[in-house]
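A short worksheet on the structure shown next.
The values are calculated or read from the model by the stated rules, or taken from the named source; none is laboratory data. Nothing here was measured: the structure is a model prediction, and the numbers come from that model. A quick note on method: Cβ atoms are made from the backbone with ideal geometry, for glycine too, and the neighbour counts reach across all protein chains shown.
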């Protein structure tokens with residue numbers, strides 16, 4: 001998938017104020033609108049203009065686009081980095097299907113998860129409920145095992161008096177409940193947009209994701225961890241101590257184990273009414289042949305074991 005430079009499509013600078021973006025879109029729309037344009041590619045060009053304007057004319061979409069796109073240029077191969085929008089706070093307006101029906105895969109990849117998201121609003125003659133906000137937050141996996149109190153910094157896109165998009169930050173003290181899992185929402189009542197005419201404030205929903213870890217990954221409530229073992233532990237079997245997210249555990253390595261074998265520890269995954277399981281994935285690690293004694297041992301194995309790991313491959 002190619003990166004789309006929306007600023008280039010509209011012919012404006014990256015720091016262009018909102019009025020310049022609006023003027024550029026109107027000028028180009030008059031030129032390429034299919035009902036009046038004689039340009040051969042007017043319909044395609046108009047779709048590109050509509051997509052670029054939909055992003056850059058909205059402070060929240062523009063801030064998110066700027067965050068992920070600052071290191072890319074038009075036509076470059078693009079995949080959004082994991083959790084690229086973590087810490088950004090967005091209102092709950094959502095993107096309608098009609099708005100995005102003719103937009104590119106690039107647009108859908110960035111904003112598709114936000115389309116159609118919305119919650120009922122309370123409307124009265126003089127007052128209305130404030131919008132709900134959403135933000136993605138990154139937590140340590142260990143927080144799911146023990147619970148925690150965290151101070152989270154969220155960035156909210158806003159437009160200044162000159163029409164430039166700025167990011168304001170606010171810090172929130174949040175209680176992380178024990179047993180929380182990937183994708184779960186933490187609701188903070190009244191932390192969304194203020195209501196109008198005395199209406200209630202909206203809520204803030206924090207979507208939980210876990211920070212990348214060198215050893216652990218979560219799938220639902222199940223947790224997977226790599227367990228390095230020595231060749232003799234794999235061949236002969238052994239009892240070893242394995243670090244796990246909530247401490248350490250003694251596990252038995254079955255005789256004749258191979259790399260990739262999974263040892264299941266029932267109920268040692270993320271806690272809950274039905275806790276997940278912990279899977280230890282074995283990884284055989286060879287000692288280096290970095291001294292004469294080690295080389296002698298490897299040479300003796302080569303002579304005496306008559307072992308060919310590729311036997312049966314037909315080579």
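A few points about this structure:
- Condition check for residue 194: surrounded by fewer than 17 Cβ atoms within 10 Å (Cβ to Cβ) and within 21 Å of the chain's Cα centre (by Cα): no
- Members of region 175-186 that are within 17 Å of the chain's Cα centre (by Cα) and either surrounded by fewer than 17 Cβ atoms within 10 Å (Cβ to Cβ) or in the same structural domain as residue 269 (by TED's automatic domain parsing) (or both): 183, 184, 185
- For the criterion of being loosely packed, with under 14 Cβ neighbours inside 10 Å, in the same structural domain as residue 83 (by TED's automatic domain parsing), closer than 30 Å to residue 17 by Cβ and at pLDDT 90 or above, residue 189 fails.
- Positions within region 245-259 being closer than 19 Å to residue 277 by Cβ and assigned to a loop (DSSP other than H, G, I, E, B), in sequence order: 245, 246, 254, 257
- Of the candidates 167, 172, the single residue that is under 24 Å from the mean Cα position of the chain (by Cα) and under 15 Å from residue 134 (Cα atoms) is 172.
- You will find that of 206, 265, 278, 227, the residue that is more than 26 Å from residue 175 (Cα to Cα), buried (at least 18 other Cβ atoms within 10 Å of the Cβ) and under 31 Å from the mean Cα position of the chain (by Cα) is 227 and no other.
- Set 52, 24, 42, 63: member being touching a helix residue (DSSP H, G or I) at 6+ places or on another chain (Cβ under 7 Å), assigned by TED's automatic domain parsing to the domain that holds residue 103 and modelled with pLDDT under 90: 42
- Test: residue in region 150-162 that is out of contact with any helix residue (DSSP H, G or I) (no Cβ under 8 Å at 6 or more places or on another chain), closer than 30 Å to residue 215 by Cβ, modelled with pLDDT of 85 or more and in a loop (DSSP other than H, G, I, E, B): no
Residue-wise test of (1) over 17 Å from residue 181 (Cα atoms); (2) without any contact (Cβ under 8 Å) to a residue 12 or more places away in the chain; (3) in contact with a helix residue (DSSP H, G or I) (Cβ under 7 Å, 6 or more places away or on another chain).
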residue: 220; (1), (2), (3): no, no, no
residue: 254; (1), (2), (3): yes, no, no
residue: 265; (1), (2), (3): yes, no, no
residue: 272; (1), (2), (3): no, no, no
residue: 275; (1), (2), (3): no, no, no
residue: 289; (1), (2), (3): yes, yes, yes
residue: 309; (1), (2), (3): yes, yes, no
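- Residue 242 outside any loop (DSSP other than H, G, I, E, B), at negative phi, over 28 Å from the mean Cα position of the chain (by Cα) and crowded, with 16+ Cβ neighbours inside 10 Å: yes
- In region 44-82, the residues that are closer than 15 Å to residue 157 by Cβ and without any contact (Cβ under 8 Å) to a residue 40 or more places away in the chain: 57, 58, 67, 70
- Restricting attention to region 127-149 and to residues that are part of a strand (DSSP E or B) and free of Cβ contacts under 8 Å to residues at least 60 places away in the same chain, the residue that is surrounded by the fewest Cβ atoms within 10 Å (Cβ to Cβ) turns out to be 149.
- For region 274-293, the set of residues classified as under 24 Å from residue 253 (Cα atoms) and either assigned by TED's automatic domain parsing to the domain that holds residue 178 or outside any loop (DSSP other than H, G, I, E, B) (or both) consists of 278, 279, 280, 281, 282, 283, 284, listed by residue number.
- Odd one out for residue 90 among (1) part of a loop (DSSP other than H, G, I, E, B); (2) modelled with pLDDT under 85: (1)
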